[in-house]
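The values are calculated or read from the model by the stated rules, or taken from the named source; none is laboratory data. Since this is a predicted model, take the numbers as computed values, not measurements. Glycine gets a Cβ as well: all are built from the backbone with ideal geometry, and neighbour counts include every protein chain shown.
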Amino acid sequence: MFKQRLEGGAGDTVIAGGVKVEGDFVSEGNVIIEGEVVGSLRTARDLQVGDAAKIHADVAATNARVAGEVRGNVVIKEKLELASSSRIFGDVQAKILTVEAGAQLNGKIHMGEAPAEATSKSERNHAERTTAGGLSALVGNRVKAEKASAN
């Protein structure tokens with residue numbers, strides 16, 4: 001997957017050390033980050049984050065190897081590799097996750113196939129309130145019925 005570590009090939013996009021990119025970064029090819037990205041980062045192929053790189057963005061790629069810092073959610077279709085020097089502050093979703101000793105991951109992890117249809121946060125909250133409210137009403141009615149039959 002990452003045979004040319006830190007070496008750009010034909011068609012690869014390289015953000016070198018000392019370079020800062022801000023905004024929505026979208027690529028169809030492989031992306032190698034050694035500098036800084038702020039905003040969002042999405043590639044249809046592989047992403048490599050060098051050990052000195054800093055990403056303050058939500059990230060999406062097919063495969064990724066992270067050795068630097070990512071502050072944002074990470075969604076990887078296939079394999080995510082976290083090197084011992086990696087630091088991720090955000091939720092991670094990947095089909096396969098490998099973590100080297102020393103890697104830091106602060107967030108929720110979802111592994112395996114992505115859900116067929118993701119529900120929105122407001123839909124989940126509504127379902128939780130409805131279910132919780134219905135359960136509270138059911139339990140409350142049962143307690144009232146038990147008290148009435150005890151008297």
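Observations on the model:
- VAL21 meets the stated requirement of being of a type outside the set (S, T, N, Q) and surrounded by fewer than 22 Cβ atoms within 10 Å (Cβ to Cβ).
- From GLU69, GLU113, GLU78, GLU100, residue being in contact with a strand residue (DSSP E or B) (Cβ under 8 Å, 6 or more places away or on another chain), surrounded by 11 or more Cβ atoms within 10 Å (Cβ to Cβ) and either more than 24 Å from GLY39 (Cα to Cα) or at pLDDT below 95 (or both): GLU100
- Checking each residue in the range 43-71 for being farther than 17 Å from MET111 by Cα and under 12 Å from the mean Cα position of the chain (by Cα) picks out ALA57, ASP58, VAL70, ARG71.
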